[in-house]
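Beneath this line is the structure, given in structure tokens, with notes to follow.
The values are calculated or read from the model by the stated rules, or taken from the named source; none is laboratory data. None of the values given here were measured: they were computed from a predicted structure. Backbone-built Cβ (ideal geometry, glycine too); neighbour counts: all protein chains shown. To get the accessible areas, we keep the full protein, side chains included, count just its heavy atoms, and leave off ligands, DNA and RNA. Shrake-Rupley method; radii C 1.70, N 1.55, O 1.52, S 1.80 Å.
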Protein chains: 2
Amino acid sequence: MEKGKSHVSLKDLAREIGVSISTVSRALNNHPDISLAMTLKIQKLAAERNYTPNPLAMGLLKQATRMIGVIVPDLVTHFYSSIISGIEQVAEEKGYYILIASSSESLQKEISSVENLLKTRVEGLIVCLSQETQSYAHFDRLIRNNIPLVFFDRVCRTGEVPSVVVDNMDAARKITRHFYKNGFRRIAYIAGPDHLNISQERTRGYLSGLESCGLDFDPELLVKCNMSSEGATEATSHLLQLPKRPDAIFGINDTVAFAAMKEIKRHGLRIPEEVALVGFTDEFHSTVVDPALTSITHPTFEIGKEAARLFFNRIENPDAKPVQVVLNTKLVVRKSSVK
Amino acid sequence: MEKGKSHVSLKDLAREIGVSISTVSRALNNHPDISLAMTLKIQKLAAERNYTPNPLAMGLLKQATRMIGVIVPDLVTHFYSSIISGIEQVAEEKGYYILIASSSESLQKEISSVENLLKTRVEGLIVCLSQETQSYAHFDRLIRNNIPLVFFDRVCRTGEVPSVVVDNMDAARKITRHFYKNGFRRIAYIAGPDHLNISQERTRGYLSGLESCGLDFDPELLVKCNMSSEGATEATSHLLQLPKRPDAIFGINDTVAFAAMKEIKRHGLRIPEEVALVGFTDEFHSTVVDPALTSITHPTFEIGKEAARLFFNRIENPDAKPVQVVLNTKLVVRKSSVK
DNA sequence: TTCATCAGCGCAAACCTTTGCGGTAACCTT
DNA sequence: AAGGTTACCGCAAAGGTTTGCGCTGATGAA
């Protein structure tokens with residue numbers, strides 16, 4: 001291999017054999033116009049020289065970069081990294097790469113990520129909305145130009161954009177009823193911002209669960225937080241200091257659940273004897289904490305794979321109607337919610 | 001915006017204004033050859049039409065894709081996702097994107113990831129070796145062609161390739177001495193595969209720590225595992241069933257430490273009264289488990305940022321001598337190791 | 001008036017690939 | 001032997017950008 005030039009081009013091969021570039025190209029693509037002898041000779045040299053087509057040139061020509069942009073609120077939360085892992089697996093099978101950008105839960109960063117990813121000519125985007133996102137104009141351009149777009153978990157525009165979510169309402173209902181069955185009556189819920197679909201849906205499930213158990217809804221027991229550790233800690237502390245404090249809490253996601261657990265312990269209360277706790281989180285974390293956390297486990301890896309599948313459906317069939325895939329969650333009962 | 005064509009090219013602008021493509025290009029680059037009036041007119045139109053240079057074309061021309069390949073053993077471990085986050089931050093500042101591939105701790109996948117990333121014409125690679133990797137021939141091509149390459153954490157060829165690591169020997173020494181100071185005498189170490197630098201270095205630190213405390217090294221107390229949950233569980237179980245079982249264990253990384261914790265509990269032993277435990281892990285996980293885990297915390301985010309900085313040094317100064325950056329760890333003492 | 005100068009712009013090559021079309025032999029047919 | 005096939009290959013354009021060089025018209029000087 002020549003120094004300073006790590007990639008061989010068709011031109012290099014053509015020059016070395018003494019034919020034109022087009023002949024080399026056709027030979028490598030087994031075009032019938034090229035004689036067998038010539039084809040073999042060219043393919044042999046190409047293999048020796050380790051030729052691989054330049055994806056930039058192909059991208060220019062075919063207008064297809066084989067890259068997907070992925071925007072997540074953050075990279076370090078297991079929920080997201082696991083989903084990304086799922087996306088990556090399907091993408092790899094299809095020969096696609098993913099470009100990851102994190103919005104850090106900021107609308108501004110989400111907007112600029114969309115722009116930047118489009119600048120790099122990704123073929124489309126797979127997105128989980130940031131916590132701040134309430135306006136969706138930055139996705140208009142994609143929709144208008146029919147650029148593939150898929151939302152997961154935190155979604156919007158479900159009429160126009162395919163999405164994959166879990167059955168949040170059902171999950172929250174299951175939690176509430178589980179608490180009831182285990183003898184808890186003052187069931188609190190630490191929710192997220194109102195504009196997020198996951199928060200709304202889980203709130204509905206919570207209320208529906210209460211009703212189905214014949215429990216009255218006490219507005220004091222529904223608190224909202226910004227889904228950060230700090231916000232959740234504060235929310236938990238608030239709940240625990242109520243005149244009639246709750247005997248059960250469920251948190252809207254991992255971060256909230258763990259912060260709540262720490263805060264309950266800090267208040268010197270025992271879990272689950274004095275305050276039961278259930279979270280929305282994943283298998284691994286739930287088992288490592290003490291007491292082991294009862295939780296709704298998301299099929300995170302599957303969410304990622306499904307999002308990628310929807311994406312490729314869109315690529316292969318641009319005019320198909322947007323569908324929403326709803327995955328089921330599982331309530332895994334552990335120590336934190338059973339006296 | 002026209003339907004089906006989401007990106008405006010120089011040609012489009014040129015046609016609309018009625019000048020040549022080169023004039024448009026120069027105007028946008030403020031070339032002095034173009035009159036002020038024309039420059040302004042072109043720039044205005046470009047802004048209206050939302051023109052952005054096509055990175056594929058630029059990539060072809062400049063042979064620079066502004067993309068970095070990153071290969072990690074997995075995506076979901078907090079250690080790696082946090083490092084990736086650090087890399088991403090620095091990359092974003094420089095206007096670079098990162099392409100992530102995970103080796104799943106497999107040499108085969110690592111090799112194919114290197115190949116595939118090179119095919120996509122990334123400008124270089126930032127890599128943490130897979131657990132299986134003992135031969136390094138797949139990096140030869142990069143070194144030979146002077147393609148930027150940086151290793152972190154699990155490294156090799158440190159003479160030829162810049163790298164960022166933590167002071168593993170010092171960290172393991174600190175742990176050993178910490179155990180000793182707190183009254184533990186049978187100190188066990190669950191190591192990883194021999195060929196990994198991190199495993200070797202920590203073993204040396206362990207031995208050195210024992211010696212400096214005047215403790216004899218008991219080979220029974222040094223067990224190796226493959227750093228999976230299963231391997232660590234088995235190793236721990238083995239240690240706990242020794243005739244003279246250890247009263248303190250330290251695990252080589254997150255996975256091992258948590259598996260060990262679960263296994264100790266499963267054996268009905270109390271932490272730290274009967275068996276003390278220390279891990280190599282991160283802040284978040286250490287505090288969420290019970291008892292809170294004493295651990296060496298890696299400056300993960302900083303490792304990522306430093307790796308990216310080394311990478312850009314390499315880009316800007318290709319012939320500089322490869323350096324190794326050694327970051328310090330911190331021993332954070334929590335309940336799991338203090339009687 | 002005439003030649004040199006210069007501002008301002010276009011041509012074309014380069015990066016790499018694919019592909020419709022045109023071209024050139026050698027062969028076959030009648 | 002002349003015209004028609006056919007096998008095999010090259011030209012050139014397309015995709016988008018930058019840039020050295022050449023070209024034009026006008027202005028300045030002599």
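Could you state the number of Å between the C-alpha centres of the range B:183-223 and the range A:88-158?
For the range A:88-158 versus the range B:183-223, the Cα centre distance is 47 Å.
Residue B:334 label points, 7 Å along Cα→Cβ, one per copy: pairwise distances from this copy to the rest in nm, shortest first?
Spelled out, the distances from residue B:334's label point are 1.4 nm.
So for B:325, A:326, what's the accessible-area order with a 1.4 Å probe, most first?
Ranked list, largest accessible area first: A:326, B:325.
Which of B:251, B:205, B:214 moves most in a GNM of chain B, Cα contacts under 10 Å?
B:214
Residue-wise, which Karplus ³J(HN,Hα) couplings in Hz belong to the range A:141-155, taking 6.51 cos²θ - 1.76 cosθ + 1.60, θ = phi - 60°, and x for glycine or proline?
4, 5, 5, 4, 8, 6, 7, x, 8, 9, 9, 9, 6, 9, 10
Using +1 at the C-beta of Lys and Arg and -1 at the C-beta of Asp and Glu, which of A:81, B:57, A:135 has the Cα lying farthest in the positive direction of the dipole of the protein assembly as shown?
Of the candidates, B:57 comes out farthest on the positive side.
With only Lys, Arg, Asp and Glu charged, each at its Cβ (+1 for the first two, -1 for the last two), find how big the charge dipole of the range B:231-339 is about the Cα centre; round to the nearest 20 debye.
On the way: 14 positive and 13 negative charges, 57 e Å.
Dipole of the range B:231-339, to the nearest 20 debye: 280 debye.
Let's test the formula: R0 of 60 Å, r as the Cβ-Cβ distance of residue B:115 and residue A:274. What FRET efficiency results, to the nearest 0.05? Don't jump to the answer; show the numbers that get you there.
Details: r = 57 Å, r/R0 = 0.95.
Calculated transfer efficiency: 0.55.
Could you tally the net charge around residue A:19, taking each other residue with its Cβ under 13 Å from the Cβ of residue A:19, Lys/Arg +1 and Asp/Glu -1?
+1
If each residue of separation counts as 0.36 nm, what is the full-extension length gain between residue B:57 and residue B:315 once their alpha-carbon separation is subtracted?
90.8 nm
Hey, in the GNM for chain A with a 10 angstrom Cα cutoff, which one of A:204, A:144, A:173 fluctuates hardest?
Top of the fluctuation ranking is A:144.
Just want the answer: with Cβ charges of +1 for Lys and Arg and -1 for Asp and Glu, which residue in B:183, B:206, B:240 is farthest toward the dipole's positive end in the range B:167-242?
B:183
Does the protein assembly as shown classify as rounded, prolate or oblate by the C-alpha gyration tensor (a ≥ b ≥ c root eigenvalues; a/c under 1.5 gives rounded; else a/b over b/c gives prolate, otherwise oblate)? Write down the numbers at each step before the final one.
Values: a/c = 2.23, a/b = 1.32, b/c = 1.69.
Here the protein assembly as shown falls in the oblate category.
Using alpha carbon centroids, what distance separates the range B:3-45 and the range B:238-301, in Å?
64 Å
Residue B:228 to residue B:328: FRET efficiency via 1/(1 + (r/R0)^6), r the Cβ-Cβ distance, R0 25 Å, to the nearest 0.05?
E(calc), rounded to 0.05, equals 0.35.
Say each of residue A:208 and residue B:38 gets a label point 7 Å from the Cα, pointing the same way as Cα to Cβ; how far apart are those two points in nm?
6.6 nm
Run through the other copies and list how far each one's label point is from that of residue B:212, in nm with one decimal, shortest first; the point sits 7 Å from Cα along Cα-Cβ.
6.0
Once amide H atoms are placed 1.01 Å from N in the peptide plane, what residues at a sequence separation of 5 or more from residue A:164, or on another chain, have their amide H within under 5 Å of its amide H?
A:151, A:152, A:153, A:325
Starting from a label point 7 Å past Cα on the Cβ side, list the distances from residue B:318 to the same position in the other copies, nm, shortest first.
From this label point to the equivalent ones elsewhere in the assembly: 3.9 nm.
Loop only by DSSP, 13 or fewer other Cβ within 10 Å of the Cβ. Give me the GluC sites (Glu not before Pro) in the range B:44-124 that pass, ordered by residue number.
none
Under a Cβ-only charge scheme (Lys and Arg +1, Asp and Glu -1), can you give me the dipole magnitude of the range B:106-162 about the Cα centre, in debye to the nearest 20?
For this selection, approximately 140 debye.
Taking the dipole about the Cα centre of the protein assembly as shown, with the C-beta of Lys and Arg at +1 and of Asp and Glu at -1, give me whichever of A:252, B:166, A:219 is farthest to the positive side.
B:166
In deg cm²/dmol, rounded to 500, what helix-only [θ] at 222 nm does the protein assembly as shown give when every DSSP H run of at least 4 residues adds -39500 (n - 2.57) and the total is split over its residues?
Counting only the DSSP helices, I get -13500 deg cm²/dmol.
Nearest to the axis that maps chain B onto chain A: list the chain B residue whose Cβ wins, with the distance in whole angstrom.
Nearest to the symmetry axis by Cβ: B:290, 2.
Along Cα→Cβ, 7 Å out, is where each label goes; now give me the distance between the ones at residue B:237 and residue A:195 in nm to one decimal.
5.2 nm
Treating only the Cβ of Lys, Arg, Asp and Glu as charged (+1, +1, -1, -1), what charge dipole size does the range B:10-53 show about its Cα centre? Round to the nearest 20 debye.
On the way: 6 positive and 4 negative charges, 6 e Å.
Computed about the Cα centre, the dipole is about 20 debye.
Considering the convex hull of the alpha carbon atoms of chain A, report its projected area averaged over all viewing directions, in nm², one decimal.
21.6 nm²
Which whole-Hz couplings ³J(HN,Hα) result when phi for each residue of the range A:319-332 is put into the Karplus expression 6.51 cos²θ - 1.76 cosθ + 1.60, θ = phi - 60°, listed in order with x for Gly and Pro?
Calculated HN-Hα couplings, in order: 9, 5, 5, x, 10, 10, 8, 10, 9, 8, 9, 10, 8, 9 Hz.
Roughly how many Å² is the accessible area per residue of the range A:10-53, as a whole number, for a 1.4 Å probe? Numbers along the way, then the final one.
Working: 2800 Å² over 44 residues.
Here the per-residue accessible area is 64 Å².
Going through the range A:190-263, which chymotrypsin sites (Phe, Trp or Tyr not before Pro) have at most 16 other Cβ atoms within 10 Å and a DSSP loop state?
Passing both the DSSP loop test and the Cβ count: A:217.
Rounded to the nearest 100 Å², what's the accessible area chains B and A bury against each other, both chains counted, probe 1.4 Å?
Using a 1.4 Å probe on protein heavy atoms, the buried area is about 4700 Å².
Restricting attention to the range A:251-295, which GluC sites (Glu not before Pro) occupy a DSSP loop and are surrounded by at most 16 other Cβ atoms within 10 Å? It would help to have the intermediate numbers written out before the result.
Details: sites: A:263, A:273, A:274, A:283; in loops: A:273, A:274.
Answer by residue number: A:273, A:274.
In whole percent, and with a 1.4 Å probe on the protein chains, what portion of the accessible area of the range A:10-53 is carbon and sulfur?
On the way: 1480 of 2800 Å².
Carbon-and-sulfur percentage of accessible area, whole number: 53.
Name the residue, out of B:14, B:57, B:259, whose mean-square fluctuation peaks in a Gaussian network model built on chain B with Cα pairs under 10 Å.
B:14
What residues in the range B:139-160 lose 50 Å² or more of accessible surface when the other protein chains are added to their chain alone (1.4 Å probe)?
B:141, B:145
With Cβ to Cβ distances under 14 Å as the rule, what net charge do the other residues near residue A:325 carry (K, R +1; D, E -1)?
0
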